[in-house]
Amino acid sequence: MRGIGYAVVKHLPLSSDLDEAYERADAWFSSPLSDGVHLLRVTLRQDLGVEVSPGFDETRAQMLSTLDSARDDLAHLLAAEGARTSDPAA
């Protein structure tokens, strides 16, 4: 399966409620995704020894948990929306 960010963008024009779809995309890309990019940057710096943070392992675990939860929530929303769009009775 492709990334959830790709799925969010792909579903934008298919959504029955475009405003809701755009709000969802904005929320995803401005919060969890930016957290993921930050985590990647900090992890690379940590691995290279450029910037070593004492509580890094705990922070990383917390950020990964938050990202996983946000991804799962969004995947459920997209699946529900996909079921509504493909159901002619809806």
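List of remarks:
- Given (1) open to solvent by less than 70 Å² (accessible area, probe 1.4 Å); (2) closer than 21 Å to residue 6 by Cα, number of the condition residue 26 does not satisfy: (1)
- Yes/no for residue 34 being at pLDDT 85 or above and closer than 30 Å to residue 20 by Cβ: no
- Per-region count, segment 36-68, residues of a type outside the set (A, V, I, L, M) and open to solvent by 60 Å² or more (accessible area, probe 1.4 Å): 14
The values are calculated or read from the model by the stated rules, or taken from the named source; none is laboratory data. Here the structure is a predicted model, which means the values were calculated and not measured. All Cβ positions, glycine included, derive from the backbone under ideal geometry; neighbour counts span all protein chains shown. Calculation scope for accessible area: heavy atoms of the full protein, side chains included, ligands and nucleic acids excluded. Shrake-Rupley method; radii C 1.70, N 1.55, O 1.52, S 1.80 Å.
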